[in-house]
Amino acid sequence: MSSGIKIDSFDHYLSFDGPAAIVLREWLMPVEGTDGVLFPATFAAAAGDGFKGGYNIDTDPLTGKNVALIDSVGSQANRIEPIFKEEKYAKLVPQITVTAGDKEVSIFEAAHRAGDALLRCSALGEQLQQAFNAVLKGDATSLAKIAPTSLVFGVWDSRDTQAKLPRVLASAIRAYDVRELHRSAQFNPPVDYASLEVFSEEEKQKAEGDNKNPLAKRGFVHVPATWTHGGVIADGGIRRDATLGLAAIRLLYAGKDSSKTLALRRYILGLSLVAFTYNSPSYLRQGCLLVQNPDKPRELVEVLPTGERKPFKLSHEDALQFAMEAAKTFGVGGAQTVPFDKDKAKKDVTDGGDAKTKPKKAGKKKMEEANAE
Amino acid sequence: MPSNLVFTFRFLQPFSHGRGEGGEPEWPLSPLRLYQSLVSASAGRWNERHQLIYAVPALEWLASLQPPEVVAAAGIASDVPTQFYVPDNTTELLVPSWKRGEVDKTPKRTEKVVRPTHLLDDTLHYLYVLPEGQCEHLETLKAVARSITHLGWGIDMVAADANIVSQPDADKLPGHRWHVVPQGGVPLRVPKAGTLQDLMRKHQDFLDRISGDGFKPVPPLREFDVRQYHSDTAPRTTSIQRPFAAFRLMSPSGEGNSAFRLLTGTRDVAGMMRNLLGETSRRFDIPHDEIETFIHGHRGKDAPVRGDAADRRLMFLPLPTISAYQNRVQAIRRVLVVGPIGSGRIMRQIQIRLGGEFLTHHGQPRAMLEQLSSDGVLKHYTGTSAVWSTVTPCVFPGHHKGDLEKGNELAYRMFTDAGLPQPVELAWRSVGFRPGAELANRYQRPHHMNGSMYHLRVRFPRPLQGPLVLGAGRYRGFGLFAAESSLP
């Protein structure tokens, strides 16, 4: 390890007297410059008179200032978690893959992580069930051997044991004081197909401007697209906020064995620090390529339970070295490539029948109740 | 010497997603939510995942205390809910498609509505009074608090702590102070004796909800109380607008509007509307034993509801037209039915199911209701503004008998009773502040409605969203305000 970093260098973060969290504030900007245009995520319209769709921009009625969501917590997690497939990080965690026909799905790409139905309906199903049951009994070791990043990004085994573990790492990107822009465009076919008698002039007139018309859909007529989303300019800057919840790691146990518990916590802390210090992907979507703003340095602090904030410094390379050592001490689970099990899936559907395959209405109601509480 | 046990939360991102009654954004977060987070953290801290043991005495003691005062950063709810689409946990259903070579198919997505509260600062404190200044459970509760990782949704990460704080130091905590009031205000859930056992029951039911016998719905939490919380200073904006149903008053034949005179129409239209709701109450999801209180505001003959439940009732607000060019108050051609916070579903039912119904007087139809979603007149009453003035006079909660100071005291009390912040400017008089508003004592009111009547004009420290109605007659349309200048 690099000088100064030892296996116990971060044990004070794992002590119940230690800091509650590490928080990063990182100022970004479009590659075009601070006044460049960036395209936030768009969202569908809500039913009724609510959200009309488009960018998620909230305005403070007291000050008139606004904030736009550029990349949500869930989206950031989906970008960061797959780094553990890369060669540089792959040895830190077991590489678990489920095959189904020609498709291979890595656990890092499964939407619900270790709780994903695809994994449950594979040869790993029983192992995962036992691991989740062990979590409920106070031992996260088995789960950390199969799916340690599920402990970093959070997991809920919603279709079986109901075991839930909160996320340790959360990251989101927002833009402040944005000005919305619009754009217009027009598709022009290369030739006049009506004059080539592919269809009549009347049919052409009817189709032009109607993007539901088959001729318009197939590119045979002019189709304007006017006053659509044209991105935003962030006059107040763009900021990525990331939080590493140390208190959450301290709630992980390996049963009653204190030395194994320490090894488990160091392992998960190592993975979390790697993910936390990783330069998250800068290409978010078409029109949204963000880089660090050199005029506004990163703010990285430890937050104590008292609210006191102290500077925190850790390079990504040091985080990786610590993680490697912690992984070696803990013992990384073995890689597994397992097939999807059709019979398990059928059994999963029939055992519990409608209750499992159609929990949506009841589940939604429960979510509403849970959210209300 | 009294002091306070203070639980402090620092939000590590400037948002909170916690929801309260009716799924609306909740801020401040309820004391019950604090309690639930302590219970959950206790399980994690001492690794007691099946049965809490270590922290039980401390948690039971905490639930026995009086509800805390809350000191909170300002929170502004998002303007509108945003629809996210998150993948359903049904990936296995895609496998047949994948095997056919359709490898680009992705899991079905389910809707998730997100509406955060933006926080203008990061702190939230819960202050429990310790009359003797002592807390034998401090070490345990401190350890539990420091193990709390989230408050609200799973993305609302916090750093928490617990301390004993002297009263002078507690008074200096920065933020908006929310305290329990007899009526009005914002309803927040609070724990009580029995809450801990009910939480443990619910947790076990949740773990057992899916089994070989199928899906067993989890009964909601039952053992908690609701208290009305009020802050004199916290900004009120879109986050706590009361839900309402609006109607235009048409002639009984449906041809043209019905217009009711200003001086008698408030009393008459409110009365007819209330009677109609009473007659049609079975069409709505109002629990049978709550109909009398919810619609009529009393339990039994001549027994008005008082205390915590007094504000959990409908308001019937006839709306005078306000002309577009002169802002002149005119006849009544619309009516608003306003429900308490959390009654959004019932109000939507009222809006839908009463369209086409008749307001009657002694059996004779006087107007037909036409659903009204939005128009220029309605916006005068439901818009956002810092300055408001009455179109119908307020009924003061008493008589001042010429004593101006007493009159002012009664006037300001109306804001507290309605759970509103105190205004920074307030004027009251018999003459209206708006063209077209009649002299206050000329308005005909129901017989039982006592108290002096005056018109008011107020300026709040921050814009409020309507509808705004004050005074002892506020459930029957008296004390109705219109915005003097609405924000866009």
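Residues in segment B:134-169 that are among the small types (Gly, Ala, Ser) and either farther than 18 Å from residue B:31 by Cβ or open to solvent by 40 Å² or more (accessible area, probe 1.4 Å) (or both): 5 in all. Which of the residues that make up segment A:198-210 are of a type outside the set (Gly, Ala, Ser) and either touching a Phe, Trp or Tyr at 6+ places or on another chain (Cβ under 7 Å) or open to solvent by less than 100 Å² (accessible area, probe 1.4 Å) (or both)? A:198, A:199, A:201, A:203, A:204, A:208, A:210, listed by residue number. For segment B:464-482, a tally of residues being open to solvent by 20 Å² or more (accessible area, probe 1.4 Å) and in a loop (DSSP other than H, G, I, E, B) returns 2.
Quick one: is residue B:317 in contact with a Phe, Trp or Tyr (Cβ under 9 Å, 6 or more places away or on another chain) and modelled with pLDDT under 95?
no
Within segment B:368-379, restricting attention to residues that are part of a helix (DSSP H, G or I) and open to solvent by 40 Å² or more (accessible area, probe 1.4 Å), the residue that is nearest to the other protein chains (Cβ to nearest Cβ) is B:379. The residue that is farthest from residue A:257 (Cα to Cα), among those in segment B:41-59 that are open to solvent by less than 10 Å² (accessible area, probe 1.4 Å) and facing chain A (nearest Cβ under 9 Å), is B:41. Among the conditions (1) open to solvent by 60 Å² or more (accessible area, probe 1.4 Å); (2) over 24 Å from the mean Cα position of the chain (by Cα); (3) at pLDDT below 85, residue B:197 misses just one, which is (3).
In this structure, residue B:131 qualifies as open to solvent by 10 Å² or more (accessible area, probe 1.4 Å), more than 12 Å from chain A (Cβ to nearest Cβ) and not small (Gly, Ala, Ser). List pairs: first residue in segment B:438-452 and touching a residue at least 12 places away in the same chain (Cβ under 8 Å), second residue among the polar types (S, T, N, Q) and surrounded by fewer than 18 Cβ atoms within 10 Å (Cβ to Cβ) anywhere in the structure, Cβ distance under 6 angstrom, at least six positions apart or on different chains. From residues that are touching a residue at least 12 places away in the same chain (Cβ under 8 Å), the pairs are B:440/B:430; B:444/B:264.
Screening B:23, B:18 for residues that are at the interface with chain A (Cβ under 8 Å from one of its Cβ atoms), under 19 Å from the mean Cα position of the chain (by Cα) and surrounded by fewer than 19 Cβ atoms within 10 Å (Cβ to Cβ) leaves exactly one candidate, B:23. Can you find even one residue in segment A:4-14 that is assigned to a loop (DSSP other than H, G, I, E, B), farther than 19 Å from residue A:329 by Cα and either open to solvent by 10 Å² or more (accessible area, probe 1.4 Å) or modelled with pLDDT of 95 or more (or both)? No, segment A:4-14 contains no residue that is assigned to a loop (DSSP other than H, G, I, E, B), farther than 19 Å from residue A:329 by Cα and either open to solvent by 10 Å² or more (accessible area, probe 1.4 Å) or modelled with pLDDT of 95 or more (or both).
I'd like to know if segment B:60-79 contains one or more residues that are of a type in the set (Gly, Ala, Ser), open to solvent by 30 Å² or more (accessible area, probe 1.4 Å) and part of a loop (DSSP other than H, G, I, E, B). Within segment B:60-79 (the criterion being of a type in the set (Gly, Ala, Ser), open to solvent by 30 Å² or more (accessible area, probe 1.4 Å) and part of a loop (DSSP other than H, G, I, E, B)), the answer is yes, since at least one residue qualifies. Residues that are touching a helix residue (DSSP H, G or I) at 6+ places or on another chain (Cβ under 9 Å) and of a type in the set (Ser, Thr, Tyr) were ranked within segment B:113-128; the one that is farthest from the other protein chains (Cβ to nearest Cβ) is B:128.
Quick check, is residue B:461 under 27 Å from the mean Cα position of the chain (by Cα), surrounded by 14 or more Cβ atoms within 10 Å (Cβ to Cβ) and not in a strand (DSSP E or B)?
Spelling it out, it is not the case that residue B:461 is under 27 Å from the mean Cα position of the chain (by Cα), surrounded by 14 or more Cβ atoms within 10 Å (Cβ to Cβ) and not in a strand (DSSP E or B).
Each residue in segment B:270-294 was checked for being farther than 20 Å from residue B:363 by Cβ, open to solvent by less than 40 Å² (accessible area, probe 1.4 Å) and touching a Gly at 6+ places or on another chain (Cβ under 9 Å), and 2 of them qualify.
Checked against (1) open to solvent by less than 20 Å² (accessible area, probe 1.4 Å); (2) more than 14 Å from every other protein chain (Cβ to nearest Cβ); (3) part of a strand (DSSP E or B), residue B:423 meets all criteria but (3).
The values are calculated or read from the model by the stated rules, or taken from the named source; none is laboratory data. Because the structure is predicted, anything quoted here is derived from the model rather than measured. A quick note on method: Cβ atoms are made from the backbone with ideal geometry, for glycine too, and the neighbour counts reach across all protein chains shown. Note: accessible area is taken over every heavy atom of the protein model, side chains too, but ligands, DNA and RNA are not part of it. Shrake-Rupley method; radii C 1.70, N 1.55, O 1.52, S 1.80 Å.
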